[in-house]
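The values are calculated or read from the model by the stated rules, or taken from the named source; none is laboratory data. All values reported here derive from a predicted model rather than from experimental measurement. Cβ placement follows ideal geometry from the backbone for every residue including glycine, while neighbour counts extend to all protein chains displayed.
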Amino acid sequence: MHLLSSPTIWFVCGSQHLYGPGPLKQVAANAREVAAGLAASKALPLEVTFKALLTTPDEIAQLCIDANSDPSCAGLILWMHTFSPSKMWIRGLTTLKKPFLHLHTQFNRDLPWSTIDMDFMNLNQAAHGDREAGFIHTRLRLGRKVVVGHWTDPEVHARIGAWMRAARAWHDTQGARLVRIGDNMRQVAVTDGDKVSAEMRFGYAVNTHGVGDVVARVNAVSDADVSSLCADYERAYKLAPALKKGGARHESVRDGARIELGLRAFLEEGGYKGFTTTFEDLHGLKQLPGLAPQRFMAEGFGFAGEGDWKTAWLVRAMKVMAAGLPGGTSFMEDYTYHLSPKGHQVLGAHMLEICPSIAAGKPSLEVHPLGIGGKEDPVRLVFDAATGPAINASLVDLGNRFRMIVNEVDTVVSPKLPKLPVARAVWECRPDFKTACGAWILSGGAHHTGYSTSVTTEMIEDFTTIAGIELVTIDAATRLSDLKQNLRNNEVYYHLAQGFRT
Ligand code: MN
């Protein structure tokens, strides 16, 4: 995947010197075994390294400084095998900038009821040691994930795995660069927003280039490279004879390939992880880039149309969360509805740019008129999305904060759509169409989303916890009256919690 790194997660165990050197040695050995057990789990996408058994405030403070300054550390798992008085943790935790997960587990799974004595009791104290830790995390108002259960439990691994995916996306975001080719679509509100706030809150930078900077690279592409890429297209996709080499409309495909090669040169030169385009600023380009964003998304780039930099970044973050999982992730737009009394459905699509990672089969490469933008007919991949559970996620800028909105949906088999010249997904919303759309609109969710059959609500929730932003979840349990009250509560909470730092 494009510019994806594999950072590590530090496993850290807390204790104190009260127990003496013998038990502490045992604690360290047990903690190593727990860390090794987690490291061996296939559900965990990142390497887990046992880092330290911490027993003093100075050790704790130093470890937090080390974690902050190690670019390969994406987060920490904390566990209190015994009691670790948590005033010792204040100095370290108030400086810690990396995400952490609090694993509430115990070395022994079963209690040895017939032999249990005070030595056993003194060694296996997470039941109260982790409560002391939880208090100070709460007292310090630290966002973190708490995972409860034995460290060999597959459900525990799955929950840690989800958090690791969120931590990896957070790690990927720090210092990430996105580029907007052209500005926001004129007059559109939801795709606009405060890029300074976004960099403060999330750590990625987004800057604009005029489309002329891309055009210069497109014009520099050699004919031989265009021919070679067109041959790749013929191998990877279904093409009508007119579009193949020698066909009457092959020139349109060559134009698309030239745009892809020029855009790639521009994006690689800038080290960008995501980008936007806008059909209102295409001076010097023959077509609105369609095929190129589709193929770049499949490689892991974030993308959104119409200058929507927040969604472009969200698509990138979701692609990082999904790395290695089956399914796909794409830029998406709620396009039009099927409001039959037999069941309401959403037809999701975009003008062109849907990622083929969500395709059910081999995409077909086609050329059709666009209808807006006044350019030549653009080349694009057309396909049906794979069916199954999926999510739509949207990030909006409410002026004083960012809000993430997630709706869980079920993507179904698309009816035959012989005249629709774009990739599409047809889904049904949870808990039902009317509740979900009402909740989405009340929450201010955008028409643009990150759509994924790989990323789960849990990963997004963990990510918003790390980022310290609001999350609105619309799922099978959503009731509109509760949701409205939560939105009101959140207005107050985030206003107070963030103060002037927005
Ligand atoms: Mn759009």
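Do the conditions hold for Thr276, that is, is it within 12 Å of the ligand (Cβ to nearest atom), under 19 Å from Arg217 (Cβ atoms) and crowded, with 24+ Cβ neighbours inside 10 Å?
Numbers: within 12 Å of the ligand (Cβ to nearest atom): yes; under 19 Å from Arg217 (Cβ atoms): yes; crowded, with 24+ Cβ neighbours inside 10 Å: yes.
Against the criterion (within 12 Å of the ligand (Cβ to nearest atom), under 19 Å from Arg217 (Cβ atoms) and crowded, with 24+ Cβ neighbours inside 10 Å), Thr276 qualifies.
Do we have any residue at all in segment 131-142 that's over 26 Å from Cys73 (Cα atoms) and acidic (Asp, Glu)? So far as segment 131-142 goes, no, none of its residues is over 26 Å from Cys73 (Cα atoms) and acidic (Asp, Glu).
For the structure I just gave you, tell me whether Pro369 is closer than 18 Å to Ala236 by Cα and away from the ligand (no atom under 13 Å from the Cβ). When the stated conditions are applied, Pro369 does not pass them. Taking the criterion of being crowded, with 18+ Cβ neighbours inside 10 Å and in contact with a Lys or Arg (Cβ under 7 Å, 6 or more places away or on another chain), the residues of segment 408-421 that qualify are Glu408, Val409, Ser414. For segment 447-468, the set of residues classified as within 16 Å of the ligand (Cβ to nearest atom) and either closer than 30 Å to His102 by Cα or surrounded by fewer than 24 Cβ atoms within 10 Å (Cβ to Cβ) (or both) consists of His447, Gly450, Tyr451, listed by residue number. Residues that are surrounded by fewer than 22 Cβ atoms within 10 Å (Cβ to Cβ), in contact (Cβ under 8 Å) with a residue 24 or more places away in the chain and in a loop (DSSP other than H, G, I, E, B) within segment 152-181 comprise Thr152, Gln174, Gly175, listed in sequence order.
Confirm whether Leu347 is touching a residue at least 12 places away in the same chain (Cβ under 8 Å), of a type outside the set (D, E, K, R) and within 23 Å of Leu282 (Cα to Cα). Here the answer is no, as Leu347 does not meet what is asked.
Inside segment 466-489, can you point out the residues that are of a type outside the set (A, V, I, L, M, F, W, C), farther than 24 Å from Met332 by Cα and in contact (Cβ under 8 Å) with a residue 24 or more places away in the chain? The answer is Gly468, Arg479, Lys484.
One line per residue, one yes/no per condition, for (1) assigned to a loop (DSSP other than H, G, I, E, B); (2) polar (S, T, N, Q); (3) surrounded by 18 or more Cβ atoms within 10 Å (Cβ to Cβ):
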position: Pro23; (1), (2), (3): no, no, no
position: Ala31; (1), (2), (3): no, no, yes
position: Val34; (1), (2), (3): no, no, yes
position: Asn68; (1), (2), (3): no, yes, no
position: Gly75; (1), (2), (3): no, no, yes
position: Trp79; (1), (2), (3): no, no, yes
position: Thr82; (1), (2), (3): yes, yes, yes
position: Asp119; (1), (2), (3): no, no, no
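Per-residue answers, yes or no, for (1) in contact (Cβ under 8 Å) with a residue 60 or more places away in the chain; (2) hydrophobic (A, V, I, L, M, F, W, C); (3) closer than 25 Å to Ala349 by Cα; (4) in a helix (DSSP H, G or I):
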site: Asp255; (1), (2), (3), (4): yes, no, yes, yes
site: Arg258; (1), (2), (3), (4): no, no, yes, yes
site: Arg264; (1), (2), (3), (4): no, no, yes, yes
site: Leu267; (1), (2), (3), (4): yes, yes, yes, yes
site: Phe275; (1), (2), (3), (4): yes, yes, yes, no
site: Lys286; (1), (2), (3), (4): yes, no, yes, no
site: Ala292; (1), (2), (3), (4): no, yes, yes, yes
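Taken together, the criteria place Phe500 among residues that are away from the ligand (no atom under 16 Å from the Cβ), over 29 Å from Tyr337 (Cβ atoms) and of a type outside the set (Asp, Glu). Cβ separations smaller than 6 Å between residues 6+ apart or across chains give the following pairs from segment 303-330 residues that are modelled with pLDDT of 95 or more to residues that are outside any loop (DSSP other than H, G, I, E, B) and charged (D, E, K, R): Gly307/Arg180; Trp309/Arg180; Val320/Arg168; Val320/Asp172; Met321/Arg165; Thr329/Lys319.
For segment 297-341, a residue qualifies if it is within 16 Å of the ligand (Cβ to nearest atom) and among the polar types (S, T, N, Q), and the qualifying residues are Thr311, Ser330, Thr336.
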